[in-house]
Every structure is written in structure tokens, then in C-alpha cells.
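**Q** The following block contains the structure, expressed as C-alpha cells.
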Amino acid sequence: MNQPIWRTILFMMVAATLFNIGYGFLQREAAQHAEISYSRFRSELAENNLKSVRFKGVGASGEFLKKVQVTETVQGREVTREVGAFTTTMPAAADPSLLAELAARKVEISAATTETSPFTAFLVSLLPWLLIIGVWWYISRAARTQGPAGMMGGFAKSGARMYGSGEKVDVTFEDVAGMENSKLELKEIVDYLKDPGQFRRIGGKVPKGVLLVGPPGTGKTLLARAVAGEAGVNFFTISASQFIEMFVGVGASRVRDLFANAKKGAPSIIFIDELDAVGRSRGTGFGGGHDEREQTLNQLLSEMDGFDQHEEVIVLAATNRPDVLDPALLRPGRFDRHVVIERPDWRDREKILRVHSRKVALADNIDFVTIAKGTPGMTGADLESLVNEAAILASRENAAAVTMAHLEQAKDKLLMGGERKMVISDSEKRLTAYHEAGHTLVARLLPGTDPIHKVTIIPRGMALGVTQQLPEDDRYHYPRSYLENRIAVALGGRAAERLVFGEVSTGAQSDLKMVTDLAEKMVCQWGMSEKIGPVVYTRGEEHPFLGRKLAEEKGFSEAMAWRIDQEITALVRHGEEVADELVRDNRDRLDALATALQEEETLDGSRVDQILRPASPD
Ligand code: ADP
Ligand code: ZN
């Protein structure tokens with residue numbers, strides 16, 4: 001719960017109490033007199049019970065000589081009480097005999113003018129203005145000292161505490177299990193923050209912004225804190241979604257404050273979580289309120305540009321969607337360094353399980369490797385809750401220690417439980433392993449393809465597995481044979497599925513899209529088809545948001561369109577034949593790769609070579 005809201009509630013409660021007290025006074029006052037009808041007034045007069053009357057406009061008020069009983073309807077109930085004074089309203093046409101009768105019965109008469117004095121009128125007319133000026137003054141002061149969030153509930157100095165002040169953290173790399181590559185990449189920043197002078201002397205280039213990219217729960221925040229902890233510097237943090245939550249202008253002023261405070265507390269780390277909340281590319285025009293977001297983003301950009309060489313502040317930011325970020329954020333001098341954080345493989349999952357069970361009493365039979373291997377796709381956060389869940393189960397049973405059974409039970413509970421975790425069943429895992437093995441095998445067997453960098457069945461984004469090829473050099477020209485091979489490689493996953501399982505699954509959709517696009521380009525743009533010839537045909541641009549072709553302005557005949565389709569199909573069919581043949585003729589190697597993938601989850605290039613090398617004594 002954030003503080004300004006609490007304060008607002010408190011403020012309202014106090015105000016309401018004061019109002020009640022004031023209202024109470026008025027009511028006690030009201031208890032002394034009653035509103036009576038004009039006839040009642042006349043009858044009291046007739047009975048000589050009036051002491052005084054004061055006229056004001058059509059109203060009159062006064063005192064009785066002795067108290068009278070009045071019956072009123074209060075909240076639907078009739079209430080009778082005694083009062084000593086009254087007010088009444090006279091009928092529109094003034095009663096000409098009244099004054100004489102009052103005088104005759106010796107009632108004290110007075111009157112008041114209905115006009116307010118010019119001075120009072122002047123003061124009253126000023127009131128709204130005073131109110132407006134007062135509020136304006138208050139807001140601008142609040143905005144100056146703590147950002148417009150200060151408006152909320154008024155006296156919220158706490159706004160500053162929420163996001164503006166740094167903290168020392170005691171988390172170190174020790175507490176981050178696995179992630180050795182990411183730690184290595186961030187080590188440089190730790191070195192810089194520890195001793196900036198030394199770092200510059202040896203000629204290190206000081207980074208300003210580092211983007212941590214990875215799915216939620218994979219430990220980005222943890223890693224950022226650990227960098228601050230390792231370097232022993234102040235840690236300033238905010239989640240970007242908080243920037244834009246309340247009032248216009250909050251985001252930009254918070255960014256300004258955050259950076260100002262971080263500079264004051266330098267050396268320091270600023271950590272911005274969920275950067276994509278403000279960092280989405282500008283001008284896509286989706287959703288309301290993006291003005292606020294743009295202002296915030298612009299402020300962020302200008303703060304980062306404002307750093308000079310001597311500022312010992314480094315900005316870390318986390319996102320799961322680097323693809324939607326505004327390109328301006330990724331330019332040199334801003335977030336130009338990227339550290340990709342992936343879902344942990346089973347070795348890292350084992351380490352994470354160990355880290356989180358440090359404080360848990362464990363039985364002797366615990367085998368973390370088994371649990372780790374049984375939880376592909378789980379993130380650090382998932383594994384942390386797995387251990388917690390197991391501890392809860394154990395304590396509910398009054399067990400002395402967490403056993404293997406508790407861990408298994410906790411795992412099942414997490415897998416079945418409400419929120420579906422990204423966890424893959426064994427059969428899915430096998431399918432993915434064969435699919436990726438198919439890509440890998442075809443890529444390795446065809447000449448002239450890019451070397452395999454890595455193949456994994458750990459889910460990434462939408463994909464259940466990934467086969468990564470990295471070109472040895474940057475290429476600008478692609479020969480036709482190279483492109484044909486790429487089509488075959490992309491179809492290798494499907495070919496393997498069909499060979500092993502007898503049918504294909506939906507998993508190959510993105511492969512097919514890639515293949516179709518590539519074949520179309522070869523035919524229509526690069527003149528790689530004999531039948532079509534060296535001509536460019538535009539088949540309509542893809543709409544960037546709708547994901548479909550815009551209305552086509554075809555500059556060619558239906559007959560040509562038909563021939564183009566034939567050629568595209570032929571290219572794809574050819575690739576399919578090549579892939580099918582390769583996986584069929586090398587079934588043993590396909591099996592070996594798929595088995596290794598299921599065991600180890602991720603294989604790098606040299607491991608793939610090792611598996612595919614014909615068994616020969618080294
Ligand atoms: P993110 O910022 O990527 O969403 P967090 O850093 O908030 O993820 O991680 C959530 C929790 O998961 C952390 O508090 C930590 O306890 C646990 N966790 C994630 N990754 C690891 C890891 N590699 N080692 C230890 N704990 C981890
Ligand atoms: Zn595939």
C-alpha cells in the first residue's frame with residue numbers, strides 16, 4: 001500500500017470528524033428554537049405568548065414568553081419538543097394588521113435589512129478566488145517539493161520516500177544462483193562502481209545504461225540489486241508502471257527526482273523495472289494517456305543524455321519486451337548494453353533450489369537434481385515458491401524436515417495450481433526435443449549453412465524451443481543455394497516430428513511463416529525463379545498492425561499470380577523433400593540429438609558436433 005493514499009484516507013477521516021463536531025453545534029443551537037407555521041405564530045400571538053419578533057425579509061424570528069410544545073417530523077418520525085424561540089415565514093402578501101396587533105400586545109419589534117453591506121458582499125465575492133488561489137499555491141508547492149503526487153492527500157512527503165531515496169543492499173552475486181554469463185557481463189559495472197578512477201585509468205569504457213532482458217521471475221531485479229550490493233553503492237529503484245499511474249506530470253517529475261537523488265547519492269545504481277511501461281515506441285497511438293507516457297519517456301531520455309563522464313551513476317532497466325521499446329532508448333549512450341536472461345536450465349534450477357532451501361530444514365533423501373530436471377520452464381521465482389510450498393506442507397504435517405515427497409507434492413501443486421506456469425510435460429518435451437533436433441541435424445548436414453550456435457528446449461518467448469545459427473561473418477549477399485538450404489533447415493523440425501511421431505504438430509507455425517516469406521522474396525524480389533524471371537513483383541505490403549496484406553495493387557495478371565504461387569510452392573516442396581530425406585537417412589543421429597536435448601536441455605555448437613561425430617576412438 002503506498003503512503004499518500006493512506007494519508008488521504010486519514011485526512012478525510014479527520015475532516016469528517018471535524019465536520020460532525022461543527023454540525024453538532026449547529027444542531028444544539030437548532031434545539032433551542034423551532035420553525036413554526038404562520039398560523040401557529042398568529043395563535044401564539046393571540047395567546048399573548050410572544051416576547052419579541054425580528055423581521056427580516058419575509059422571515060421572522062423571535063422568542064416566546066414561555067416555552068411551547070412543537071411537533072416536527074424528523075426523518076419520517078413525529079417528534080414533540082419544547083422550545084423557547086421560533087422562526088417562521090410570512091405569507092407573500094404581508095399581513096397589514098400584524099404590526100398593529102404586535103404593538104397592541106406589547107411585543108418587542110425589530111427588523112433587519114436583507115441587504116448585506118457592500119463590504120461583506122465584497123468579501124464574500126472574494127471567497128471563491130481565495131479558495132482557488134489557495135489550492136493552486138498548495139499544489140504548486142507540493143509539485144515543487146515532491147512531485148504532483150503531493151496533491152494526493154496533501155501532505156505526502158512520503159512520495160519522496162517511495163521512489164527517491166536510495167538504499168544499501170546486502171544482496172551479492174552469491175545470492176544469485178547460476179546465471180554465470182549474466183554475472184560475468186555485469187562484473188564490469190561492479191568494477192567501475194567500486195573504483196571509477198582505476199577503471200578509467202585502464203581505459204575501460206564506462207557504460208551508462210544496461211538493459212536486462214528476460215521473462216518475469218527470472219531474477220532481473222535480484223541481479224540488479226546484487227550489482228549494487230557487490231559494488232557497495234546506493235540502490236535506487238522504481239517500477240516504470242508507477243510512473244504513469246496517477247496524475248499528468250507525475251512520471252516526468254518522478255524521473256527528475258529519481259535521477260537528482262541518485263546523483264546526490266553517487267556512486268549509485270538506478271533500477272527501472274518494467275521499462276516497457278514507459279518505453280514503448282512513441283506515436284503508435286494505441287490506448288489513451290500516452291501523452292503522459294511520452295513525457296515520462298522524454299524526461300528519461302534527457303536525464304540519460306544529461307549524464308556527463310564523471311557521473312558515477314549507472315542505470316539498469318528490466319524488460320520482457322525489448323521489441324516494443326522505443327528505438328531512441330537503445331541508442332548509444334542510453335541503453336546500449338543488453339544482458340539477456342533466460343529461463344534457467346536444470347543445472348541452474350538445481351542451484352536456485354539450493355539457494356532457497358538454505359534456511360529450510362531438509363531431510364537426508366533430498367535429491368535436487370531430480371526436482372530440477374522435472375521442472376523445465378520454471379523461473380527462479382517459481383522455484384522459490386516451490387520450496388516455500390514444500391516447507392508449508394511439511395509444517396502442516398508437523399514434520400521435522402522437508403522431504404522429497406513434500407517437494408514433489410509442491411511441484412505438482414504449482415503445476416496444476418490456478419496460474420498455469422510455463423512448464424512442459426514429458427511428452428511435450430520429447431516432441432520439442434525432436435523438433436529442434438530436426439532443425440539442428442539438417443543444418444549440420446547441409447553444406448554452406450551457418451554453424452549451430454546453440455539449441456535448446458527451454459521455452460523462450462512464444463517458442464517452446466530454439467535452434468540458433470550464427471553466421472561466421474556478416475553477410476550482405478545470399479546465394480540462392482544458401483537460401484534453399486535455409487528453407488530445408490526450417491522445415492527440418494516438422495520433418496523430424498513426422499518421422500518420429502507419424503504426424504506434425506502446430507509447433508511448426510513460425511517455421512512455416514518464415515519459409516513462406518523467404519520463398520516469396522526469392523521468387524518475387526530477387527528473381528531466383530527461372531520461370532518467373534528477373535522481375536520484381538510487389539505482392540502487397542504487410543500491414544504493420546493488422547498482420548495481413550493491404551489491398552493489393554497488382555501490377556501483373558492473374559495468370560502471373562498463379563505462376564508465382566506455383567513457384568513459391570515448388571521452392572518450399574523442394575526444401576521439404578531435402579529435410580525429409582536427411583532426417584530419414586540419419587535417424588540414429590536424430591535420436592542421439594533428441595535424447596541429449598531431453599537430458600541436457602541446452603546444447604552448444606561443440607556439444608552438437610560431439611554428438612554427431614561418428615563414434616571413433618579419439
Ligand atoms: P524479475 O525481476 O526478473 O521479474 P525477480 O528478480 O523479482 O525477477 O525474481 C523474483 C524472485 O525469484 C527473487 O526474489 C528470487 O528470490 C527468485 N530468483 C529468481 N532468480 C533467481 C536466481 N537465479 N537465484 C536465486 N533466486 C532467484
Ligand atoms: Zn521449429
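**Q** Tell me the residue from 214, 219, 232 that is within 13 Å of ligand 1 (Cβ to nearest atom), out of contact with any strand residue (DSSP E or B) (no Cβ under 7 Å at 6 or more places or on another chain) and at pLDDT 85 or above, please.
**A** Testing whether each residue is within 13 Å of ligand 1 (Cβ to nearest atom), out of contact with any strand residue (DSSP E or B) (no Cβ under 7 Å at 6 or more places or on another chain) and at pLDDT 85 or above leaves just 219.
**Q** Just checking, how many residues over segment 496-538 are over 36 Å from the mean Cα position of the chain (by Cα) and under 15 Å from residue 430 (Cα atoms)?
**A** Counting residues in segment 496-538 that are over 36 Å from the mean Cα position of the chain (by Cα) and under 15 Å from residue 430 (Cα atoms) gives 9.
**Q** Being modelled with pLDDT of 85 or more, farther than 24 Å from residue 610 by Cα and of a type in the set (Val, Ile, Thr) is the requirement here; does residue 487 meet it?
**A** Yes.
**Q** Still on this structure, please answer the following. Among the residues that make up segment 357-369, is at least one of them away from ligand 1 (no atom under 13 Å from the Cβ), open to solvent by 10 Å² or more (accessible area, probe 1.4 Å), of a type in the set (A, V, I, L, M) and not assigned by TED's automatic domain parsing to the domain that holds residue 389?
**A** no
**Q** Okay, next question. Which condition number does residue 339 fail, the rest of (1) under 21 Å from residue 237 (Cβ atoms); (2) in contact with a Lys or Arg (Cβ under 7 Å, 6 or more places away or on another chain); (3) β-branched (Val, Ile, Thr) being met?
**A** (2)
**Q** Shifting gears a bit: State whether the residues of segment 70-78 include one that is open to solvent by less than 10 Å² (accessible area, probe 1.4 Å), assigned by TED's automatic domain parsing to the domain that holds residue 103 and closer than 20 Å to residue 102 by Cβ.
**A** Looking for residues that are open to solvent by less than 10 Å² (accessible area, probe 1.4 Å), assigned by TED's automatic domain parsing to the domain that holds residue 103 and closer than 20 Å to residue 102 by Cβ, one finds none in segment 70-78, hence no.
**Q** Kindly establish whether residue 519 is of a type outside the set (D, E, K, R) and within 11 Å of ligand 2 (Cβ to nearest atom).
**A** no
**Q** A further question on this structure: Mind checking which pairs have a first residue in segment 498-526 that is under 19 Å from residue 567 (Cα atoms) and a second that is loosely packed, with under 15 Cβ neighbours inside 10 Å and not small (Gly, Ala, Ser), Cβ under 7 Å, 6 or more apart or different chains?
**A** Taking only residues 6 or more apart or on different chains, the pairs are 524/536; 525/536.
**Q** Criterion first (open to solvent by 50 Å² or more (accessible area, probe 1.4 Å) and either polar (S, T, N, Q) or not in a strand (DSSP E or B) (or both)) does residue 254 satisfy it?
**A** The answer is no for residue 254.
**Q** May I ask you to verify whether residue 436 is at pLDDT 90 or above and either touching a Gly at 6+ places or on another chain (Cβ under 6 Å) or within 16 Å of ligand 1 (Cβ to nearest atom) (or both)?
**A** yes
**Q** Answer yes or no: is there a residue in segment 365-384 that is free of Cβ contacts under 8 Å to residues at least 40 places away in the same chain and under 28 Å from the mean Cα position of the chain (by Cα).
**A** yes
Yes or no, residue by residue, for (1) free of Cβ contacts under 8 Å to residues at least 12 places away in the same chain; (2) surrounded by 14 or more Cβ atoms within 10 Å (Cβ to Cβ); (3) not in a helix (DSSP H, G or I):
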position	(1), (2), (3)
584	no, no, no
598	no, yes, no
603	no, yes, yes
610	yes, no, no
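**Q** A follow-up question, please. Give me the helices (runs of 4 or more DSSP H) completely within segment 125-211, filtered to those with at least 2 residues that are modelled with pLDDT of 70 or more and more than 16 Å from ligand 1 (Cβ to nearest atom), ordered by residue number.
**A** 180-194, 196-201
The values are calculated or read from the model by the stated rules, or taken from the named source; none is laboratory data. Given the structure is predicted, the values throughout are model-derived calculations rather than measurements. Don't worry about glycine lacking a Cβ; one is built from the backbone with ideal geometry, like all the others, and counts go over all protein chains shown. These area figures cover heavy atoms from the full protein model, side chains too; ligands, DNA and RNA do not enter into them. Shrake-Rupley method; radii C 1.70, N 1.55, O 1.52, S 1.80 Å.
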